[in-house]
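Undergrad: Quick one: this structure, given as structure tokens, is what I'll be asking you about.
The values are calculated or read from the model by the stated rules, or taken from the named source; none is laboratory data. Small disclaimer: the values here were computed from a predicted structure and weren't measured. Positions of Cβ are generated from backbone atoms using ideal geometry, with glycine treated the same way; all protein chains shown enter the neighbour counts.
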Amino acid sequence: MRRWNSEQIAQAAGARVASARDSEGGPERAVIDSREAGPDVLFIGLPGSQTDGGRFAGAALEAGAWGAIVAEEHVESARQPGTGGAILVASDPLRALQRLATAWRRELGARVIGVTGSTGKTSTKDLLLTVLAPHVRTVASRANFNTEVGLPLEVLAAPAGTEVLVLEMAMRGAGQIAELAEIAEPDVGVIVSIGPVHLELLGTIEAIAAAKAELVAGLPSGATAVVPASEPLLEPHLRADVETITFGEGGDVRLLDAEGDRLRIQAPGGVIDLEVSFTQAHLRRNLLAAVAAAGAVGVVPSGRVELALTPGRGQRARLGSGVTLIDDCYNANPMSMRAALEDLAESARNEAGSRRVAVLGDMLELGPDEHGFHAEVGEQAAQAGVELLVTVGPRAAAMSEHFAGHVCSVQDAAEAATVVPELLHTGDVVLVKGSRGVGLELVCRALRNGGDGS
């Protein structure tokens, strides 16, 4: 947006200019937190459930912000003599943010890849950045910037010259992916997986598939959809005027052979040989989705794929106590629990004599069948060879029903942070995983601090 002046920014956002900026040129990015305001930053005052961000526009301009977009009632309070910042007025500041993002996406002319899924969308987004960056100028959205507010902020942060923009798209209900697709106008839509997530809100797995498939519906004719092979829930939503590339076993992009860190992948254009930094089966499957999406924008991945996992997404750490921690506490659902337990089993196999320990918390928003989903995780833990299971929360307690090994059930993360360090032995491999609302980062912190959770 650096080349846009106040009038151009206002026109793109559907706003009007109350005070033009003294100097020409536009901002480099947008923020909604006045504490992040500074030179070359456009502050957007969004109304919230607790407070109205428009009240802080004056502070943002005093901090040197390029300008601010506010609702009409905040115009006068935003005026700060001597700042020279622009004040733009919008009846709906959130919609102004979204419209501005769409305008900048068009100005960039970059290829846009939208990524969604019940599980695996963040790692697939990160993998896409890794395989694309050596070939084209690529920008990928940061963790959690995947909503109707976060996604447009990420679009606006993409610098001029960006060739591929990878955007994660999250949803908790029907219509939300459609809204994100309308903002981002993706050329490629990737659906990583369909599973029982947000059932409490959507009711059925078919409704979840339909909500994720809004990404396919939002693609223009001639675009590309990347979907799991043999996923019947998505078949009703595929389009004849959109190219479909499947990945996984039996798909257009599939794993031919894996030997150590070397993978051979069959892709539509031929066989691709890659060297990877990870062994987890679910990450290798997500890599197939990334390879398919990369091919859709004309990139053939090559060389070594080094994946830096987002915090709380399965990082391994060897602790001073001799325990190996798998920190996967960011979130959980039945699909990701299964994948994490399989990863735990593989990790313990690679460390001879290691005891497998799982600290598993409640999985939230699963609806009326939540008890059965939790009980099934206990059965999967047994199949993965877990010897000690620590359940955290009232729902997770059901995991003990089909688990024959040693079980310790606690009420919350604070209690777990006290109890778990006392249960572990040198050489243990411990997985910590649960829904974000359980707060199991307390357990990981206690383990890293040698048992002190503070």
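Undergrad: Which ones in the range 335-364 are crowded, with 17+ Cβ neighbours inside 10 Å and at pLDDT below 90?
TA: Ser347, Ala348, Ser354
Undergrad: How many residues, within the range 159-184, are surrounded by 23 or more Cβ atoms within 10 Å (Cβ to Cβ) and farther than 14 Å from Thr102 by Cα?
TA: Residues meeting the conditions: 6.
Undergrad: A further question on this structure: Need the failing condition index for Ala15 against (1) in contact (Cβ under 8 Å) with a residue 40 or more places away in the chain; (2) surrounded by fewer than 18 Cβ atoms within 10 Å (Cβ to Cβ); (3) among the aliphatic types (A, V, I, L, M), just the number.
TA: Unmet condition: (2).
Undergrad: Just name the residue that is nearest to Met337 (Cα to Cα) out of those in the range 266-282 that are buried (at least 20 other Cβ atoms within 10 Å of the Cβ) and modelled with pLDDT under 95.
TA: Step by step, filter the range 266-282, then rank; the result is His282.
Undergrad: Further, regarding this structure: May I ask you to list the residues in the range 185-234 that are at positive phi and hydroxyl-bearing (Ser, Thr, Tyr)? Steps first, please.
TA: First, pick out the residues of the range 185-234 that are at positive phi: 185, 198, 203, 222, 230.
Within the range 185-234, just Ser230 meets the criteria.
Undergrad: Still on this structure: Restricting the first residue to the range 51-78 and requiring it to be touching a residue at least 40 places away in the same chain (Cβ under 8 Å) and closer than 22 Å to Arg3 by Cα, which pairs with a second residue that is among the acidic types (Asp, Glu) and surrounded by fewer than 16 Cβ atoms within 10 Å (Cβ to Cβ) meet a Cβ separation below 7 Å and a spacing of at least six or different chains?
TA: Trp66/Asp40
Undergrad: Considering only the range 187-200, state which residues are crowded, with 23+ Cβ neighbours inside 10 Å and within 24 Å of Glu243 (Cβ to Cβ).
TA: Listed by number, the residues that qualify are Val188, Gly189, Val190, Ile191, Val192, Ser193, Ile194.
Undergrad: May I ask you to list the residues in the range 26-53 that are of a type in the set (Ser, Thr, Tyr) and surrounded by fewer than 21 Cβ atoms within 10 Å (Cβ to Cβ)?
TA: Ser49, Thr51
Undergrad: Can you tell me which condition Val253 does not meet? The list is (1) modelled with pLDDT under 95; (2) assigned by TED's automatic domain parsing to the domain that holds Ala143; (3) not small (Gly, Ala, Ser), and all the others hold.
TA: (1)
Undergrad: Related question: Does Gly203 fit the bill of being under 17 Å from the mean Cα position of the chain (by Cα) and surrounded by fewer than 23 Cβ atoms within 10 Å (Cβ to Cβ)?
TA: Values: under 17 Å from the mean Cα position of the chain (by Cα): no; surrounded by fewer than 23 Cβ atoms within 10 Å (Cβ to Cβ): yes.
For Gly203, the condition - under 17 Å from the mean Cα position of the chain (by Cα) and surrounded by fewer than 23 Cβ atoms within 10 Å (Cβ to Cβ) - is not met.
Undergrad: OK, next. Can you tell me how many residues within the range 120-140 are modelled with pLDDT of 95 or more, hydroxyl-bearing (Ser, Thr, Tyr) and not in a strand (DSSP E or B)?
TA: Summing the residues that are modelled with pLDDT of 95 or more, hydroxyl-bearing (Ser, Thr, Tyr) and not in a strand (DSSP E or B) in the range 120-140 gives 2.
Undergrad: For the range 281-393, which fully contained helices (runs of 4 or more DSSP H) count at least 3 residues that are of a type in the set (A, V, I, L, M, F, W, C) and free of Cβ contacts under 8 Å to residues at least 60 places away in the same chain? Steps first, answer last, please.
TA: On the way: elements: 281-296, 334-349, 370-383.
Where helices (runs of 4 or more DSSP H) fall fully within the range 281-393 and carry at least 3 residues being of a type in the set (A, V, I, L, M, F, W, C) and free of Cβ contacts under 8 Å to residues at least 60 places away in the same chain, they are 370-383.
Undergrad: Being part of a loop (DSSP other than H, G, I, E, B), closer than 28 Å to Ser221 by Cα and within 22 Å of the chain's Cα centre (by Cα) is the filter here; which residues of the range 245-280 pass it?
TA: Gly248 - this is the single residue of the range 245-280 that is part of a loop (DSSP other than H, G, I, E, B), closer than 28 Å to Ser221 by Cα and within 22 Å of the chain's Cα centre (by Cα).
Undergrad: Testing Arg349 on (1) more than 30 Å from Ala133 (Cα to Cα); (2) touching a helix residue (DSSP H, G or I) at 6+ places or on another chain (Cβ under 6 Å), one condition comes back false. Which one is that?
TA: Every listed condition holds for Arg349 apart from (2).
Undergrad: Give Ala289, Ala332, Ala308, Ala229 a once-over and let me know the one that is touching a strand residue (DSSP E or B) at 6+ places or on another chain (Cβ under 8 Å) and surrounded by fewer than 20 Cβ atoms within 10 Å (Cβ to Cβ).
TA: Values: Ala289 fails: surrounded by fewer than 20 Cβ atoms within 10 Å (Cβ to Cβ); Ala332 fails: surrounded by fewer than 20 Cβ atoms within 10 Å (Cβ to Cβ); Ala308 fails: touching a strand residue (DSSP E or B) at 6+ places or on another chain (Cβ under 8 Å).
Answer to the check: Ala229.
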